[in-house]
Structure formats: structure tokens, C-alpha cells
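Here, each number is a calculation from the coordinates, and none is a lab measurement. On a predicted model such as this, the values are computed, not experimentally measured, just so you know. No Cβ is skipped: glycine too gets one built from the backbone with ideal geometry, and neighbour counts run over all protein chains shown.
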Amino acid sequence: MDTISHIPEIESMKIINRKECRKLILQAQGFCEEFPAGQAGIMSVINRLGYVQIDTINIIQRAHLHVLWSRLPDFKEEDLQALLVRQQLFEYWTHAAAILPITVFPHTLHRKNNFSWKDSDLTSEKFLELTRKVYERVVQEGETETIHFQDGGQEKNGVWFWKPSKTALETLFHQGKLMVKKRRSFRRVYDLTERVYPASAVLKIPEPEETAFYQIRQALQANGIMTFKEISNYLCFAPDSTLLTSLQQMEKKGEIIKAQVEGEEYYLFNRIEPEKDYKNKVFIISPFDNLTINRQRLENIFALRYRLECYVPAAKRKLGYFMLPLLYQDEFIGMLDAKAERKTKRLIILKFIKLRNYDNELKKLLEESIAEFALFNGCPEVVWI
């Protein structure tokens, strides 16, 4: 990364326009940067972003793979798996299921120690007994997954319907007693945390302020400029009260400053990186990308009104099942709904929406990006319908 220099003049900056804001965001997100190849590049991207989100939808390559590929053209899944096996990365939860650098592990301990499911009773004697039995089974038998438990029936837990043993396993995972050792056919394989990550046994819980400072710095490093609410929701490790106090301390010391974007208050570092040029490329972005996951931010800063409609009944969809935003420089120029037909090795373009006029150069860049995206999905043929 280029050397970061302290710019005293930035302290007087009070107003940033949306175009300047977009540059700060996209540069922080890594879209203007050339990362190293292979495993070093994967670590660089995840360290920069703080996490990459995991999602079950696989109509195209899964979200965590897509996010990495967007920034690493030579990305290979086996490099990611090697890093997980070597425990340089691990799975836990931010605002959703995610892969994080192992160095972050201590900052997850506050959440683990205070974990509870919303709208769920984890304190009933019946559930506590089930959880004890599930835990003891893992102690005795080692790695396990949900299919190893034969209890019938499903209960609603949040937006999911899980059988009781699945809820118990997930509770133990969120409490930090179990970790994800690996995935088998994308199913989580759990084991005791001390067996998966032996170093966890000697880790100390950071002071709450330490975790708050980490969350603030990581959120701003990954996003360039953020509101308080956006910082709070980025990693979800520290409570708002501690975050607010820590922000005030950092502002007083001059590490961060406040600025206004369209009349709203934002935070950013009191420093700037040497400005990098935008790449002459169209990026096909995952709906779960760190850039796009905050839909309101996307609308406020990039003027893109985007909604993911895969959970909406087909008759009520206005865009498409899994629309992928298309980014060119600092503008979203369109969206496409794609499906990887793996048996025939064809990438099917189900729908395409243009959000601006395309000249011949932009058309060519889009065609090149779609061809690369098709190969990333294991589909050398692209079919428009």
C-alpha cells in the first residue's frame, strides 16, 4: 500500500460532495488497487475489508468467492481453503455469517460472552439440557454436523426454521464453545473451539474500548467515510455506547474528523492516501459485497436504488431474482440477472438493465467482464435470453 501521509489541512474540511465521497469509498474498498496474487492477495483483501460475507445462495458462485474475485482477478478457491485450514482465517458472525482474519478472534469474545438469539428462549430447562447433550456429544465424538442428529420437527429461529439440535449447535457456535472446522458440501462441520484453534485457550478478552477502537478503525479503513450508524453496523462487535465514547476520544486526539455529506454527519480518518486512478473496467458486484450490502448507503452516495429480490415471490419482483450491480469507475451503470447453468456450462443472462447510455468502449468493457465472470463461474459460454 502507498505511504499514508498526515495532511493538517484536512482538519478544516467540513463538507464533502458525493463524488469525493464515492472516491474515498471505492479507494478504501480496493477497487482502485492491484493486490498481490494468490494467498497473499486474499489476506490483503480480507484484512482491508475486515470480513467477507458468506451466503447460501449459489445460483452463481457464492458471495464470499465473488467478493474476493471482484478484487483479485486470479482468485482461486483452493487458496482460500488453504488459509482456512492453516487458521489464518476463521468463520464467525458480523452482521451476517462471515470469514474474518484470525487476528480478529479476540474482538469476537465480547459478543460471544453476551450472545442471545432474538425472540428465542435459550434459558428453558429443556433447551439447556439439549445444548448440554449436544456439547457433550461433540466432546466425546469430535467433529459433527447437523445431519448427525436425528431429532425431528422444526422450530422458527429468526428467519430460519431449524430442528432443535441445529439451534443448539448454532447457539454453541455463537457463544464461542464450538467453531466451524471446515465445510462439507457447504454444510458447517463443528468441533470444540480449543481443538480447532488451540491458541484460543490462552487469549485474553480485550477491554471493551479496545474492541470499539478496532471496530471504528476497521470500518473506516474498509469504507473510507461512514456515519455513526454505519460504523455500528459494520462488524457489530462493540455496543453503541462504547463506540460513541471511543469516537469522541479519537476525534479529540485528531485521529478522525467529522465531515458533512449532503447535510449528514460522517466520520473519516484525519489523513488521506495518495489518490489512485479508477481502473478502466466494469466490475460485476455481488449483492453481498461490502460495497453494496448497505442499501441505504448505496442510494444516498451512489444514487443506486437497489433491492435484492431473491426472497420476493416471483410475481412481485420488479428487477430480477439475483440482480448484480455493474460498477464503472464511480458510477453504477446497470444491473444484470445471471444464472450459472453448471450442467451445460453456460452463464445465462436472464435480464439486463441499463442505467446510462453506453458508448462502444463501455460495451466492449462490459462484454469482457461478462466473459471473465462466466469463466469464474465455470461457464465458458454466455447466453442472453
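Key figures
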quantity	calculated
Against the rule of thumb 2.2 N^0.38 Å, how large the Cα Rg of the stretch 217-309 comes out	1.19
Option label - Rg and Dmax of the Cα atoms in Å computed here, alternatives [x] 21.7, 76; [y] 22.0, 67; [z] 23.5, 75	[y]
Size of charge dipole - the chain - debye, nearest 20, with Cβ of Lys, Arg +1 and Asp, Glu -1, no other charges	1080 debye
Estimated 222 nm signal from helices in the chain, with DSSP H stretches of n ≥ 4 weighted -39500 (n - 2.57), rounded to 500	-11000 deg cm²/dmol
Sparsely packed chymotrypsin sites (Phe, Trp or Tyr not before Pro) within the stretch 290-342, loop by DSSP, other Cβ within 10 Å at most 10	311
Whole-angstrom gap from the stretch 300-352 to the stretch 204-232, using each part's C-alpha centre	31 Å
Potential extension, residue 363-residue 182 segment - 0.36 nm per residue separation minus Cα distance	61.1 nm
Whole-number D in µm²/s for the stretch 282-384 (Stokes-Einstein; Kirkwood sum over Cα pairs; 4 °C, 1.567 mPa s)	91 µm²/s
Cβ-Cβ FRET estimate between residue 148 and residue 37, R0 fixed at 51 Å, reported to 0.05	0.85
Residues 382, 139, sorted so that the one with the fewest Cβ neighbours within 10 Å comes first	139, 382
Ranked list, fewest to most other Cβ atoms within 10 Å of each Cβ, for 117, 69	117, 69
Qualifying trypsin sites (Lys or Arg not before Pro) for the stretch 333-367 [loop in DSSP, other Cβ within 10 Å: at most 15]	342, 343, 345, 356
Approximate shape of the stretch 151-297 as ellipsoid semi-axes (Cα gyration tensor, √5λ), whole Å, largest first	35, 22, 17
Cleavage-rule hits (trypsin sites (Lys or Arg not before Pro)) in the stretch 12-98: DSSP loop, at most 13 neighbouring Cβ within 10 angstrom	14, 86
